[in-house]
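Read through the structure below, which is laid out as structure tokens, and then see the notes.
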Amino acid sequence: MSLDIAKAWNAEIISGDSMQVYRGMDIGTAKIAPEEREGIPHHLIDICDPEEPYSAADFQAGAARAIGEIAARGKLPFIVGGTGLYVESVCYGYQFADNGSDEAFRLAQEQYALEYGADALHERLAEVDPQAAERLHPNDRRRVIRALEVHHLTGQTFSGQQAGQKKESPYELCLIGLTMDRAELYRRIEQRVDLMMEMGLVEEVERLLARQLPPNAVAMQGLGYKEIAEYLHGNCTLEAAVERLKRDTRRFAKRQLSWFRHMKDIHWIDMGENFHNNLLSIHGIIAGKFQVDLEYNSNQSF
């Protein structure tokens, strides 16, 4: 769908996914292969190595730069993907507060997570900042720890700081969200995990582990990588790792939907209906937003 939209509106795509920035992490991130991009330029994919940290602030800066370059070429910048904080930070020009850091506190939380598990660490966050806990997956250990650290350093909640952001956009936005029946969504999630396993997800994680990445590397906290790493470390069976991955992905999808439901001005499209009709509806939304004639922008029939 994103490719059809990009071709119709002379757009270039910016990946809004926090894990697709990493080279060598293709299967677990469902990264679109170069040969599948149908000539549409894609940005913020394969821009750093798994050893490197990459933050929402890094994404915001990179996306803003890409948006400027795309617009200068007379094309439409089109963010596709789903890491809520990353996308929202660009849409509304978030100011990332410099609350400082406490390395000893951060290491203590890392150790706690290693000893008692990601869920136990996540419960700590739920006690002091339930709103942040609702929006962050337990596997997103780096952001869970950062939310705890913000509370530790400032006495304020991370969610409170986010709520205080001005929701004024520096751009003229057209926001479109895709949704579908929950049971069908979960079926497709499980189907996708099975396909990832067939494509060689275990071997991809093996290659990453062979690089001797530090245990707290951001890249290894991504869905699929943490679960399969647990299997490769001998902490569970492959079957258990796959079932956990399916469960965690279902939970992530629920959190992702919750995050975007809080964003204003999103036009929601139910993907359970006819694909062709949905595409027509989306084109109508874009045309109405920018007050232009679709036929003028498109050289193909819909």
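Taking the Cα centre of segment 103-163 as origin and assigning +1 to Lys and Arg Cβ atoms and -1 to Asp and Glu Cβ atoms, the resulting dipole is close to 220 debye. Annotation: the residues THR237, THR83, sorted from fewest to most other C-beta atoms within 10 Å of their own C-beta, follow the order THR237, THR83. If both residues of a DSSP beta bridge must be in the chain, then about 0% of such bridges are antiparallel. The convex hull around the C-alpha trace of segment 103-163, projected and averaged over every direction, spans 3.6 square nanometres. Residue separation of MET180 and LEU232 scaled by 0.36 nm, minus their Cα-Cα distance, works out to 15.3 nm of gained length.
Given +1 at the Cβ of Lys and Arg, -1 at the Cβ of Asp and Glu and no other charges, the dipole of the chain around its Cα centre is 560 debye to the nearest 20.
Using C-alpha pairs under 8 Å with a sequence gap of at least 6, the mean separation divided by the residue count of segment 103-163 gives a relative contact order of 30 percent. Fully extending the segment from ASP265 to GLU198, taken as 0.36 nm per residue of separation minus the present Cα-Cα distance, adds 20.2 nm. This ranking places TRP268, TRP259 by how few other beta-carbon atoms lie within 10 Å of each, fewest first, which gives TRP268, TRP259. Taking each DSSP H run with n ≥ 4 as -39500 (n - 2.57) and averaging over every residue of the chain yields -16500 deg cm²/dmol at 222 nm.
With contacts taken as Cα pairs under 8 Å and at least 6 residues apart, segment 99-249 reaches a relative contact order of 20 percent. Of the trypsin sites (Lys or Arg not before Pro) in segment 181-258, the ones in a loop by DSSP (not H, G, I, E or B) with at most 15 other beta carbons within 10 Å are ARG211.
Each residue in GLU204, GLU36, GLU110 was given a count of other beta-carbon atoms within 10 angstrom of its own, and listing them fewest first yields GLU36, GLU110, GLU204. With the convex hull drawn around the C-alpha atoms of segment 64-139, the volume per residue stands at 132 Å³.
Pairs of Cα atoms nearer than 8 Å and 6+ residues apart set the relative contact order; for the chain it is 22 percent.
Shape class of segment 97-208 from the alpha-carbon gyration tensor: oblate, with a/c at 1.5 or above and b/c at least as large as a/b. For the listed residue pairs LYS7/LYS31; LYS31/LYS264; LYS7/LYS264; LYS7/LYS254; LYS31/LYS289; LYS31/LYS75, the alpha carbons are over 21 angstrom apart in LYS31/LYS264; LYS7/LYS264; LYS7/LYS254; LYS31/LYS289; LYS31/LYS75. Ranking MET263, GLY82, ALA61 by how far each Cα lies toward the positive end of the dipole of the chain (charges on Cβ) leaves MET263 at the top. Farthest towards the positive end of the charge dipole of segment 206-274, among the residues ALA229, VAL218, THR249, is the Cα of VAL218, using unit charges on the Cβ of Lys, Arg, Asp and Glu. For the Cα trace of the chain, dividing Rg by the Kirkwood Rh returns an Rg/Rh value of 0.96. Among GLN156, TYR112, TYR94, whose Cα projects farthest towards the positive end of the dipole of segment 59-163, with charges put on the beta-carbon of Lys, Arg (+1) and Asp, Glu (-1)? Farthest towards the positive end: TYR94.
Computed from the coordinates by the stated procedures, all read-outs in this text should not be read as laboratory data. Fair warning: this is a prediction, and the values are worked out from it, not measured in the lab. Backbone-built Cβ (ideal geometry, glycine too); neighbour counts: all protein chains shown.
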